[in-house]
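The values are calculated or read from the model by the stated rules, or taken from the named source; none is laboratory data. Because the structure is predicted, anything quoted here is derived from the model rather than measured. Note: ideal-geometry Cβ built from the backbone for every residue, glycine included; neighbour counts use all protein chains shown. Remember, those area values only see protein heavy atoms, side chains included, never the ligands or the DNA or RNA. Shrake-Rupley method; radii C 1.70, N 1.55, O 1.52, S 1.80 Å.
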Amino acid sequence: MFQIKEKIVSNRKLVKKIKNTLLKFGYNTEHLIRYVVRMECKNLINNKLPKNMSILEISESEYWKSNLKYKKYTGANYPDFDICENQLNEKFDLIIADNVWEHLKYPYKASKNIQKMLKNNGYFLVIVPFLVRIHEVPIDCTRWTEDGLKYHLEESGFNINNIETGSWGNKNSVISNLRTDDSWTRVGFYSNLNNNKNFPVQIWALAKYSI
């Protein structure tokens with residue numbers, strides 16, 4: 001077990017080194033479909049929430065762990081941790097689900113469970129794909145528009161007046177990922193980052209929970 005963990009750490013260091021080398025030459029290794037939305041949400045959270053907050057991320061990612069200011073960070077990885085059926089015995093200032101909700105069999109149940117783990121006036125950031133191909137990790141069930149995600153959160157118990165939403169995408173970003181292999185387009189050197197509301201590839205919502 002120790003050797004496996006050591007290998008994972010070693011691989012992460014190698015990937016980070018390669019990314020840093022590419023960045024020096026101006027090549028951005030972030031996923032194209034996630035890049036703009038992640039920046040928007042990162043800036044929104046850093047401006048809105050306190051720096052000493054506690055964070056739970058459903059399916060931990062290096063991006064959020066490295067780009068937010070917090071006092072405590074906890075990861076609970078789906079599907080080993082089934083957010084549709086379970087909650088942690090702890091409450092958090094912010095819970096993040098970045099491209100997870102589309103893979104859930106029962107997203108309504110999951111959003112209800114999120115509320116049970118939020119402090120009063122805590123926030124839930126959920127990011128989901130829209131115009132992207134099916135990707136079964138381990139299954140792929142649902143797509144939402146901005147309105148659809150907002151009403152899903154309202155139905156599960158959030159006050160609709162306390163839900164902010166946004167989206168990003170354009171025709172080029174949609175076409176770029178219409179391939180049959182398992183890879184995803186990177187931002188690269190000169191990707192088109194303009195936003196066209198008619199072709200969203202990512203949708204986000206930040207919902208405030210008040211008792």
What per residue convex hull volume, in Å³, comes out for the chain when only alpha-carbon positions are used? 140 Å³
Based on the alpha-carbon gyration tensor of region 71-114 and its eigenvalue square roots a ≥ b ≥ c, which shape applies: rounded if a/c is under 1.5, prolate if not and a/b is larger than b/c, or oblate? prolate
How large is log10 I(q)/I(0) at q = 0.19, 0.22, 0.28 Å⁻¹ when the Debye formula is applied to the Cα atoms of region 144-211, each weighted equally and without solvent? -0.79, -0.90, -1.16
Please give the per residue accessible area of the chain, computed with a probe of 1.4 Å over protein heavy atoms only, in Å². 57 Å²
Send over the Kirkwood Rh of region 31-72, from the inverse of the averaged 1/r over different Cα pairs, rounded to one decimal Å. 11.0 Å
Taking Cα pairs closer than 8 Å and at least 6 residues apart, the relative contact order of region 82-128 in percent is 56 percent
Per the 1.4 Å probe, what fraction of the accessible area of the chain, in percent, lies on carbon and sulfur atoms? 50 percent
Net charge dipole size for the chain [Lys, Arg +1 and Asp, Glu -1 on Cβ; Debye, nearest 20]: 880 debye
Quick one: compute the contact order of region 167-211, relative version, from alpha carbon pairs under 8 angstrom and 6+ residues apart, as a percent. 61 percent
Beyond a 23 Å Cα-Cα separation, which of these cross-linked pairs lie in this structure: K51/K105; K65/K208; K71/K112? K51/K105; K71/K112
Among Y27, Q87, L125, the residue whose Cα sits farthest towards the positive end of the charge dipole of region 20-136 (+1 at Cβ of Lys and Arg, -1 at Cβ of Asp and Glu, taken about the Cα centre) is L125
Within a Gaussian network of the chain (alpha carbon springs, distance under 10 Å), most fluctuating of L125, L104, L178: L178
Beta bridges by DSSP in region 58-211, antiparallel share as percent, to the nearest 5: 65 percent
Residues with beta-carbon under 14 Å from that of K71, excluding K71: net charge, scoring Lys, Arg +1 and Asp, Glu -1? +4
Just to confirm a number: summing +1 for Lys and Arg and -1 for Asp and Glu over residues other than I55 whose beta-carbon lies under 14 angstrom from that of I55, what do you get? +3
To the nearest 20 debye, region 54-179 has a Cα-centred charge dipole, built from +1 on Lys and Arg Cβ and -1 on Asp and Glu Cβ, of 200 debye
Please list, in order, the residues from region 77-110 whose amide nitrogen is less than 14 Å from a point placed 7 Å along the Cα→Cβ vector of I211. 90-93
How many angstrom lie between the C-alpha centres of region 176-211 and region 82-116? 22 Å
Efficiency of FRET from Cβ geometry, N192 and Y108, R₀ 41 Å, rounded to 0.05: 0.70
Given Cα positions, please report Rg to Rh for region 90-133, the hydrodynamic radius being the Kirkwood one. 1.02
Contact order relative to length of the chain, as percent, for alpha carbon pairs under 8 angstrom and 6 or more apart: 24 percent
What does the net charge come to around V132 if you take all other residues with beta carbon closer than 11 Å to its beta carbon, with K and R at +1 and D and E at -1? +1
